[in-house]
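The values are calculated or read from the model by the stated rules, or taken from the named source; none is laboratory data. As the structure is a computational prediction, the values presented were derived from the model and not from experiment. Note: ideal-geometry Cβ built from the backbone for every residue, glycine included; neighbour counts use all protein chains shown.
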Amino acid sequence: MAMVISIARLQLKQLLKSPRWLILLSIYCFVIAIFSNQFSFQFITLQASNTSQLSLSGILFSPLDNLAVFLLLLMLPLIVLQLRPSRIASGLQRLLSSYPVSSFKLWLADWYAMLVLLLFFYAALVFIQLPILISATIDLPLFLTHWLALVLMSLSFMTLFLLLQQLTNSLLSSLVIHYSVLFLFWIIQLLQQWPDYFYVVQVINLFDWFDRLSLGLLSAQDILAFVIINLSFIVLCYCFSQQKTRFILLTCGLTLLLLFTLRLFPLNYVDTTSNQRYSLHPVLAEQLAQTETIKITSYGLDEAARREVNLRLLQPVLSRFAETKITHEPLNRQSEQQRNSQSNRGVLFTIGNIPNDKSGQRLNTAVNQQTIWLDYPFVEHPQRYLLRSLAVLQHRNDNWVLFVEGQDEASISQQGQRHLSTLNQALQSRGFQLSQLSLKQAGSIPDNTALLVIASSRQDWLNSASQSLMTYLQTGGNLLWLRDPEDISFEQLESYLGITKLDGVIVDPAGYQQGTPHPAIVLHDTFTDHPINQSLKTLVAFPWSSALVPLTKGTTKWHQQTLLTSHPNSWTEFQPEQENMAFNEQQGELQGEFQTLIALQRNQGVRQQKVVIAGDSHFLSDMAINNYDNKQLALNIFYWLTQTPDELMPTLVEPVDRYLKLTPLAHHLISWFIPFVLPLLLLLSGVILWRKQKR
């Protein structure tokens, strides 16, 4: 061993005098530093925009380490090829020929020398990352796992290239062999797209092991696989040096057998990320444990997308719920949720039968089978989206949407021009619990009412019913009040909310000119900035609607926001049944831009109370809800009014490395010195050595 180390020192001394490796090191530093600069300022830009789940490891360190590995894999063959010429040029090869040194010991000396050269590249990478390391809080376990992946990957290919060096003495042949092997591993990585057909090649896919480690997924199987493959390369080199062909085949077979055996065990890994981003969230695990069935179906995902979905969603779920059914569908197979989505790629998460064992003076049921669609690419962590969706479903399950009946309101249980059976189906399919409530019979509104809907009362309310309604509002209850020209004048409620309606039906000549079948159908094509108006793509039609106006004196302090208004040339028509309608100011009709949808908000203790008043109930009716974007507007109204309280929303832990604040010195180092001055110094050193050797 002492002789091996001595030879390695002589070999290393000669290599360090070579200008070629300095030129390679300068190129390596320049490329890494340029991308480090780009990734750093990209992170700062995302940080300024308050991007969620931002982490230095994901935006900067992981891609930088991947780039470092890529460059090393390209440069290692060029460095390995310098070993034999450097020995010949220095006379070391002639000196060794006079001593009984085995070819395997010489190979070990080359291995030690290459290991030291690798340390120079590692040190350069640390120096490039140093300004960032001292300017930010680092997720240390994840950072160390990144480096473990980098070291294992580079050592494996370094050992492999030294092994391939034994196959030929020709530099050109060696170069072709080295890069052909790299290309072969790239082909193996591509074959991962069809795991059912190319299962065999997966067991020797070093890139797959590296990818998991670089993400922070530490598993005994992957580390053992790297150890096995490196030991096999060393044993193979010994067999080549001793020309033991039988042992070469035996070593290859035993290596494949061990790698296959590792694949038989479940891939259990330790998530080293600070926020456990690749582990199943405890709250999500608790909720999924209550379900009877879990089915996950992906649509139109390529291999890269499948891999991300697998790491961030499928694998965490499977680690706890092995019976989960997972299927992958091509792009031309679409689900209903996919067709309704803006994206044609995504994941459909189906859960069945979440029991509800709550008791008390509340309306109770169970969440039946529900589907949650996740667009791809994900705008946030898919588990965060699932948690929020499940919280919304559970909130809808625990809190009811009640439609008032008993005063000749539009009904959710009847079909017809003014009734709301289609709306009822749409809401129930999205997890809402709906029922009708007669205040004449019930006497009070249940405590777990998320929203009360008054759909155009055409008969007067009893005093007891009015008092129950006012008590509900005074205690922070949410309300959707749908008004029509023919509904009653509810002065007590109008005074409380500060909104009344004008007499007459709004006539919209501009909408009629655009093709509506009747002038009394108001078309809305401009939308104010409000969550209710989000995702509206086309028009909204309000048939036979009333104009809403604020009262001059209100008894409560509400924040009012107008959501929809009619065209400026609209008027309030008193005789809409006439064929030839025209504005008649003498009869008291008014002309102008009228409010047709208003949102009210106020803080009621720790809660935020919400009310929406619409000058029309017909846009939700069976005859009109499927016209234009009426259904989407209706859903948006119910989503906003029944929004899950923030305190009920589960949160995910933020990464510890989510902030980066560069000092002026670090900024100058990243921007100028490291990308330009350091590579230039290395390049000049290489040129100087080259000129000295030439002389």
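Numerical summary
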item: When residues of segment 1-25 are limited to those that are closer than 18 Å to Pro77 by Cβ and of a type in the set (S, T, N, Q), the one surrounded by the fewest Cβ atoms within 10 Å (Cβ to Cβ); result: Ser18
item: Residue list for segment 571-623, filter: buried (at least 22 other Cβ atoms within 10 Å of the Cβ) and small (Gly, Ala, Ser); result: Ala599, Ala614, Gly615, Ser617, Ser621
item: Tally, over segment 495-515, of residues that are closer than 22 Å to Ser570 by Cβ and either surrounded by fewer than 19 Cβ atoms within 10 Å (Cβ to Cβ) or of a type in the set (D, E, K, R) (or both); result: 10
item: Filtered residues of segment 643-657 (kept if outside any helix (DSSP H, G or I) and at pLDDT below 85); result: Gln643, Thr644, Pro645, Met649, Pro650, Thr651, Leu652, Val653, Glu654, Pro655
item: Total residues in segment 218-266, condition outside any helix (DSSP H, G or I) and surrounded by fewer than 13 Cβ atoms within 10 Å (Cβ to Cβ); result: 3
item: Every residue from segment 385-425 that is surrounded by fewer than 19 Cβ atoms within 10 Å (Cβ to Cβ) and not polar (S, T, N, Q); result: Arg388, Ala391, His395, Asp398, Gly406, Asp408, Gly416
item: One residue from Val612, Val549 being assigned to a strand (DSSP E or B) and either acidic (Asp, Glu) or closer than 18 Å to Leu479 by Cβ (or both); result: Val612
item: Close pairs from segment 9-25: first assigned by TED's automatic domain parsing to the domain that holds Leu125 and closer than 14 Å to Leu115 by Cα, partner surrounded by 22 or more Cβ atoms within 10 Å (Cβ to Cβ) and β-branched (Val, Ile, Thr), Cβ under 9 Å, at least 6 apart; result: Leu15/Ile79; Trp21/Ile79
item: Total residues in segment 589-609, condition in contact (Cβ under 8 Å) with a residue 60 or more places away in the chain and either in a loop (DSSP other than H, G, I, E, B) or not assigned by TED's automatic domain parsing to the domain that holds Leu473 (or both); result: 4
item: Residue among Thr255, Thr272 that is more than 30 Å from Leu54 (Cα to Cα) and β-branched (Val, Ile, Thr); result: Thr255
item: Yes/no for Leu536 being modelled with pLDDT of 90 or more and either in the same structural domain as Ser456 (by TED's automatic domain parsing) or farther than 14 Å from Glu573 by Cα (or both); result: no
item: Only listed residue being within 46 Å of the chain's Cα centre (by Cα) and either crowded, with 17+ Cβ neighbours inside 10 Å or in contact (Cβ under 8 Å) with a residue 12 or more places away in the chain (or both), chosen from Ser102, Ser86, Ser135; result: Ser135
item: Subset of segment 471-491 [part of a helix (DSSP H, G or I) and touching a Leu at 6+ places or on another chain (Cβ under 8 Å)]; result: Tyr472, Leu473
item: Matching helices (runs of 4 or more DSSP H) fully within segment 1-106 where at least 1 residues are charged (D, E, K, R) and touching a Phe, Trp or Tyr at 6+ places or on another chain (Cβ under 8 Å); result: 62-80
item: Counted residues, segment 230-278 - those being free of Cβ contacts under 8 Å to residues at least 40 places away in the same chain and closer than 30 Å to Tyr385 by Cα; result: 1
item: Set Ile625, Ile613: member being farther than 30 Å from Pro131 by Cα and at pLDDT 90 or above; result: Ile613
item: Out of Ser535, Ser495, Ser570, Ser489, sole residue that is of a type in the set (Ser, Thr, Tyr) and under 44 Å from the mean Cα position of the chain (by Cα); result: Ser535
